[in-house]
Amino acid sequence: MNIYDKFFALAKEKGLEQVELSYSKSNSLSISLYHHEIENFSIASDSDYAFRAIVNGKLGTATSTTLSNENLESIIDNLISNSKVNEKEEEVELFRGSEKYHKISTYNKDLENVPTEKKKEDLFALELAIEKLDKRIEQVSDVAYSESSSESVIMNSFGLKLKQKRNSFYFIGGVVMKGEDGEVKNNYDFFFSNDYSKFDVDKLAKKIVDGCAEQLGGEPIPSNKMKVVMSNDCTASLIGAYISHASAERVQKNVSLFKGKLGSKVASNKVTISDKPLAKTLFATWFDDEGVATYNKDIIKNGILQTYLYNIEKAKIDGVKTTGNGVNTGSKIGISPLFVELKPGKKTLDELFEFIGDGLYITELQGLHAGLNPTSGDFSLKAAGFLIEGGKRSKPVSLITVSGNLLQLFLDIKEVASDSKINLGGISCSSVYIKSLNIAGK
């Protein structure tokens, strides 16, 4: 009998009605350089176990970093004692399992076979490649490699057993450059995949340096209300904040911009935002942290709010089915989209510039956590980018502030470009054309 069978057998012996065990095991490798020397090299392995049980109609929870013959009994005793202090009155039940699961692979075994020495060599090569590209480079500020693999399992006393493995890596590099007038700019970029053969040192180095060099010479512009193209990176950072309002928990707490707006217009008809956990990406997951089968769904379709996102608890409050968006936050099961996609349009970025004629192309936003009111959606953020003149990107712009309201911004989107990019947070976005934003400059 393995340790998991022993756990369920002992729980049954002690009279626990329903029991769930979930665990995640992860391995990681991190390497960073500073001035041609290894600054950090670390290998780590972690295991986290979470347990839930229904005892006399009450939910008890417990956590542990290990599961062994020695701590089996104490874990079950903790489940029982924690259930006794649970003051919630509603009837609870563990999830028995979905009728059907759509398994999807997010693990590439070939990544395991790439020698660590090869990863070090490529990291040093990246630092050298960056340095050689431009004489204005002051320093390579950040060169790092990060790799992770994980396995997550959920099993319960109803016979449910789910397991998914995933792995990925990224190279990241940053650079600081100084212009002729002493102006200093910095930039970073990354490559993210689980297929090591696709990594190109020179290509990433060029993206990092070119992205910094093009910012030099930037100046503030007069304050005005302007047509704006928001880059895919900036759009992704705003969508993360915007779509969090689709959480049923926020709606039920009356802190959501989407409260009472199901079936109503919350964005322009150019905007379709979906949660796509079954899309073929590194973020794909076929069950959530409650064991519910995931599925692709439109949250907003052509500007109309289609659904809130639910875990089991919040779905029960509204008398609906969970959407498979239960996410373990450590202390509880929260709600989150699993992979967000803004549906791309047909125009290229250059065609978008040509379409609007004159305006502002924003490529950098700063201070989102401090400069955005999460309840009202009002924001005021430091920004930088480029003027759009005569339908083309022109001189760089810096030291400006953009302000507006998050809900109104998405209502004012006139076009979505085709330049989709997936960021490290699991959001796929394109650049967007916004009818107008307030710009504070000189």
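Near V251, once Lys and Arg are set to +1 and Asp and Glu to -1 for all other residues with Cβ below 13 Å from its Cβ, the sum equals +3.
Taking 18 Å as the cut-off, the amide N atoms of the stretch 181-199 that come nearer than this to a point 7 Å along the Cα-to-beta-carbon line of E39 belong to 185-191. Ordering of 213-225, 336-348 by packing is 336-348, 213-225, highest average first (other Cβ atoms within 10 Å, averaged per residue).
Among the chymotrypsin sites (Phe, Trp or Tyr not before Pro) found in the stretch 163-193, not one is both in a DSSP coil and sparsely packed, with 10 or fewer other Cβ atoms within 10 Å of its Cβ.
From its DSSP helices (H runs of at least four residues, each -39,500 (n - 2.57)), the chain gives a residue-normalised ellipticity at 222 nm of -6000 deg cm²/dmol. For S193, the residues 5 or more places off, or on other chains, whose built amide H falls under 5 Å of its own are F169. Label-to-label distance for E151 and N438 is 5.5 nm, based on points extended 7 Å past Cα in the beta-carbon direction. With θ taken as phi - 60° and the Karplus curve 6.51 cos²θ - 1.76 cosθ + 1.60 applied, the whole-hertz 3J(HN,Hα) list for the stretch 429-442 is 9, 10, 5, 10, 9, 9, 3, 6, 9, 6, 10, 9, x, 8 Hz, x standing for glycine and proline.
Positive contributions from Lys and Arg (+1) and negative ones from Asp and Glu (-1), summed over other residues with Cβ under 15 Å from the Cβ of T63, come out at -2. Could you please state, rounded to a whole Å, how far the C-alpha centre of the stretch 234-268 is from the C-alpha centre of the stretch 270-339? The two parts, judged by their Cα centres, are 13 Å apart. Our summary gives the chain a relative contact order of 14 percent, counting only alpha carbon pairs under 8 angstrom and 6 or more residues apart.
Note on L29 and K84: the model spin-label points, each 7 Å out from Cα along the C-beta direction, lie 4.9 nm apart. Amide H contacts under 5 Å for F339: K276, restricted to partners 5 or more places along the chain or on a different chain, H placed in the peptide plane at 1.01 Å from N. Extent of the stretch 176-216 along its three principal axes (Cα atoms, max minus min coordinate, largest first): 42, 13, 12 Å. Stretching the chain fully between E13 and N56 yields a gain of 14.0 nm (0.36 nm per residue, less the alpha carbon separation). Phi angles across the stretch 156-173 convert, under the Karplus curve 6.51 cos²θ - 1.76 cosθ + 1.60 with θ = phi - 60°, into 3J(HN,Hα) values of 8, 6, 8, x, 5, 8, 10, 8, 9, 10, 8, 8, 6, 8, 8, 9, 9, x Hz, Gly and Pro given as x. Sorting the Cα pairs of the stretch 143-213 by distance into bins of 5 Å, from 0 upward, gives 3, 14, 18, 13, 12, 9, 9, 7, 6, 4, 3, 2, 1, 1 percent per bin.
Let's test the formula: R0 of 45 Å, r as the Cβ-Cβ distance of N224 and K332. What FRET efficiency results, to the nearest 0.05? For R0 = 45 Å, the calculated efficiency reads 0.45. Of the residues K314, K84, K103, the one that moves most in a GNM of the chain with alpha-carbon contacts below 10 Å is K84. Rg then Dmax, both in Å and based on the Cα atoms of the stretch 273-327: 11.5, 33. Taking chymotrypsin sites (Phe, Trp or Tyr not before Pro) across the stretch 232-315, none is in a DSSP loop with at most 14 further Cβ atoms lying within 10 angstrom of its Cβ. At full extension, Y188 and T65 could sit 40.7 nm farther apart than now, given 0.36 nm per residue minus the alpha carbon distance.
Using θ = phi - 60° in the Karplus curve 6.51 cos²θ - 1.76 cosθ + 1.60, the 3J(HN,Hα) couplings for the stretch 238-254 round to 6, 5, x, 6, 5, 6, 4, 6, 7, 5, 4, 5, 5, 4, 5, 8, 6 Hz; x is entered for Gly and Pro.
If you find the alpha carbon centre of the stretch 161-212 and of the stretch 1-29, how far apart are they in angstrom? Comparing the Cα centres of the stretch 161-212 and the stretch 1-29, I get a distance of 40 Å. With an a/c value of 1.5 or above and a/b not larger than b/c for the gyration tensor axes a ≥ b ≥ c computed over the alpha-carbon atoms, the stretch 92-243 is described as oblate.
Note on the chain: Rg/Rh from C-alpha atoms, Kirkwood Rh, equals 1.01. Distant-in-sequence amide contacts of Q139, defined by a placed amide H-H separation under 5 Å and a gap of 5 or more residues or a different chain, comprise V176. Computed from the Cα positions only, the extents of the stretch 81-153 along the three principal axes stand at 68, 31, 22 Å, in decreasing order. Within the shell of other residues whose beta carbon sits under 12 angstrom from the beta carbon of I300, the net charge comes to +3, with Lys and Arg scored +1 and Asp and Glu -1. The label point for T116 and the one for K392, both projected 7 Å from the Cα toward the Cβ, are 5.1 nm apart. Extension gain for the segment D134 to A370, taken as residue separation times 0.36 nm less the Cα-Cα distance, is 81.5 nm to one decimal. Sorted largest first, the spans of the alpha carbon positions of the stretch 301-442 along the three principal axes are 54, 33, 26 Å.
We did not get these values from a lab; they are worked out from the coordinates using the rules stated. Please read these numbers as outputs of a predicted model, since none were measured by experiment. No Cβ is skipped: glycine too gets one built from the backbone with ideal geometry, and neighbour counts run over all protein chains shown.
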